[in-house]
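The values are calculated or read from the model by the stated rules, or taken from the named source; none is laboratory data. Everything quoted here is computed from the prediction, not taken from an experiment. A quick note on method: Cβ atoms are made from the backbone with ideal geometry, for glycine too, and the neighbour counts reach across all protein chains shown.
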């Protein structure tokens, strides 16, 4: 099963730092297995097809005619999404790497190698690598970090290179990107002869941590820390940069550096502001730096930012960023449903941030949100057949919202694809003498703890039900702590070790069991998974007088295809009976059926002086991530209710 070249933690794994497994250490089955297969067999190739159809390879490959400006400038001639094409290729290569890890495909591998070869031909002698600035606007490198995603592109290419090395053992792309990282390191830093800039769109910080871990090179970790530490300091780098370009800083299209989280140093930030994806990527980078450098000075900011998002600005689906105008935040409790932007990339980024908040200790506050965002706001971005994608994710549709084949800014398709294809890397956190289980799914993994290899096997139908059986097979008996998450939604649980009931109690939402483990030890965890109704804070005006349905990690919605009347004509009572059900076209899905009333008027008049008539009805609901996979029509998450 595990015959790949790299084990996570080979380079750096000091005590009390929890790191994820690499993709080649986990074989995923259960709920996510078929979804990984869809990405591996369909989506990974499709991403390359559509990138090349968009003419991206023409921009990258110096042996091909230069395509020039394909996508017009926007934002007052500031940017074109064509500047971001390297990031789309980087994420597509990363997705392909995970696909190849799942199922070797010579044709796909050859296509990836061809793109890598093109980047190799493009790379400058000093290591610089950016197709826009080398082919479309040469001579302008490092002149607009704020707007033009130069360092963001580098980050996604680096992540693609690390993933491709993990999956195939091939070093060519990794070596190319190490040379580029060295070029960036020689350009940016605290020394007087270097620029004190940082990414306008955070992402490189995450990539440098991955690169540092896989290579063992401390300088990459140090550079990630520099970018985090330098951000937002006075004088503002982005303002100075604008002046150097002959522009006025106040003419910035988005008006404020809050848009790119550069309005103040990160340790002084307390509220999530600006562009949602940039924000979550930055906070994920901060959490990575906090873990790698044991930097407690970042904790107050990270905790405050987390609370501000979760307590006042997070959709029940784990999406965030209600506004299309800035693809991000507006004001507290502003959570409209039918106009919700809630970009797929933002939910993916929240998964990244939450997973990195688990870098120093198991804490269900973060794992619960990671699971909610994963199963709902992120997973909704990919159709069941792996061919169409949501960019924005409203919680109510009047029938006109559908997945895209592609997008003018195609950041979301490869982002959700790489997340799904690498999902096994989010299941576990591994420290020197502790193994934490953050997410439950059928899988087999090879893990090293306390210097001993351990085969770990999860058997479960989760999330259909809450029963999980874990079997540990260490090569030799070994003592370590096993930490099992008890989700916040679980209404009770039971635990047994080798058939004997345990009275362990959760600590920060995890059952932490320390003992000497031997081959064949079995742990059985049974989580109470009952449907429940959830109510929003009264300040969330669109959800007043409404309720959402949940079961386990899933948020549910109702679709027109399963329910006859207009969806807002249904009313559910508090405490209404909810039962498990099935629906047409989704036979392998746990749907819900809830007792309801349906309102109707005896005439077609727009207004009437008599109240509507109510009759009993049964309302069918499906997991939110599955909506718009069957017949088009209305969709609704928050149901009308009465006490």
Being surrounded by fewer than 24 Cβ atoms within 10 Å (Cβ to Cβ) and not in a helix (DSSP H, G or I) is the filter here, so list the residues in segment 198-217 that pass it. 216, 217
Restricted to segment 615-643 and to residues being farther than 22 Å from residue 340 by Cα and surrounded by 14 or more Cβ atoms within 10 Å (Cβ to Cβ), the residue nearest to the chain's Cα centre (by Cα) is 620
For residue 334, which of the numbered conditions (1) closer than 25 Å to residue 558 by Cβ; (2) out of contact with any strand residue (DSSP E or B) (no Cβ under 7 Å at 6 or more places or on another chain); (3) crowded, with 23+ Cβ neighbours inside 10 Å fails to hold? (3)
Among the residues of segment 263-286, what is the count of those that are within 22 Å of the chain's Cα centre (by Cα) and either in contact (Cβ under 8 Å) with a residue 40 or more places away in the chain or assigned to a helix (DSSP H, G or I) (or both)? 16
Filter the strands (runs of 3 or more DSSP E) completely within segment 539-587 down to those with at least 1 residues that are touching a helix residue (DSSP H, G or I) at 6+ places or on another chain (Cβ under 8 Å). 554-559
Of (1) in contact (Cβ under 8 Å) with a residue 60 or more places away in the chain; (2) under 17 Å from residue 324 (Cα atoms); (3) surrounded by fewer than 18 Cβ atoms within 10 Å (Cβ to Cβ), residue 404 satisfies all except one. Which? (1)
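Table: residues versus (1) surrounded by fewer than 20 Cβ atoms within 10 Å (Cβ to Cβ); (2) assigned by TED's automatic domain parsing to the domain that holds residue 200; (3) within 22 Å of residue 204 (Cα to Cα).
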{"residue": "78", "(1), (2), (3)": "yes, yes, yes"}
{"residue": "85", "(1), (2), (3)": "no, yes, yes"}
{"residue": "92", "(1), (2), (3)": "no, yes, yes"}
{"residue": "99", "(1), (2), (3)": "no, yes, no"}
{"residue": "103", "(1), (2), (3)": "yes, yes, no"}
{"residue": "110", "(1), (2), (3)": "yes, yes, no"}
Only listed residue being assigned by TED's automatic domain parsing to the domain that holds residue 208, assigned to a helix (DSSP H, G or I), at pLDDT 95 or above and surrounded by 24 or more Cβ atoms within 10 Å (Cβ to Cβ), chosen from 174, 157: 157
Considering residues of segment 517-545 that are buried (at least 20 other Cβ atoms within 10 Å of the Cβ) and touching a strand residue (DSSP E or B) at 6+ places or on another chain (Cβ under 6 Å) only, the residue farthest from residue 311 (Cα to Cα): 517
Which numbered condition trips up residue 392, out of (1) farther than 23 Å from residue 326 by Cβ; (2) surrounded by fewer than 24 Cβ atoms within 10 Å (Cβ to Cβ); (3) at pLDDT 95 or above? (1)
When segment 234-261 is checked residue by residue, the ones that are touching a helix residue (DSSP H, G or I) at 6+ places or on another chain (Cβ under 6 Å) and in a loop (DSSP other than H, G, I, E, B) are 261
Take segment 520-538 and flag every residue that is within 21 Å of residue 316 (Cα to Cα) and outside any strand (DSSP E or B). 528, 529, 530, 531, 535, 536, 537, 538
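Quick grid of which residues meet (1) within 31 Å of the chain's Cα centre (by Cα); (2) farther than 30 Å from residue 479 by Cα:
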| residue | (1), (2) |
| --- | --- |
| 508 | yes, no |
| 524 | yes, no |
| 554 | yes, yes |
| 573 | no, yes |
| 585 | yes, yes |
| 588 | yes, yes |
Please go through segment 357-374 and give me each residue that is in contact with a strand residue (DSSP E or B) (Cβ under 7 Å, 6 or more places away or on another chain), surrounded by 24 or more Cβ atoms within 10 Å (Cβ to Cβ) and part of a helix (DSSP H, G or I), ordered by number. 367
As an exercise: evaluate residue 599 against (1) closer than 19 Å to residue 397 by Cα; (2) surrounded by 17 or more Cβ atoms within 10 Å (Cβ to Cβ); (3) in contact with a helix residue (DSSP H, G or I) (Cβ under 8 Å, 6 or more places away or on another chain) and give the number of the one condition it does not meet. (1)
Here the residues within segment 471-488 that are under 26 Å from the mean Cα position of the chain (by Cα) and either free of Cβ contacts under 8 Å to residues at least 24 places away in the same chain or part of a strand (DSSP E or B) (or both) are 482, 483, 484, 485
Please state which one of 347, 342, 354 is without any contact (Cβ under 8 Å) to a residue 24 or more places away in the chain and buried (at least 24 other Cβ atoms within 10 Å of the Cβ). 354
Tell me, yes or no, whether segment 22-44 has at least one residue that is surrounded by fewer than 22 Cβ atoms within 10 Å (Cβ to Cβ), within 20 Å of residue 161 (Cα to Cα) and assigned by TED's automatic domain parsing to the domain that holds residue 419. no
Flag if residue 625 is assigned to a strand (DSSP E or B), closer than 23 Å to residue 368 by Cα and in contact (Cβ under 8 Å) with a residue 60 or more places away in the chain: no
Please determine whether any residue of segment 342-356 is closer than 30 Å to residue 565 by Cβ and in a loop (DSSP other than H, G, I, E, B). yes
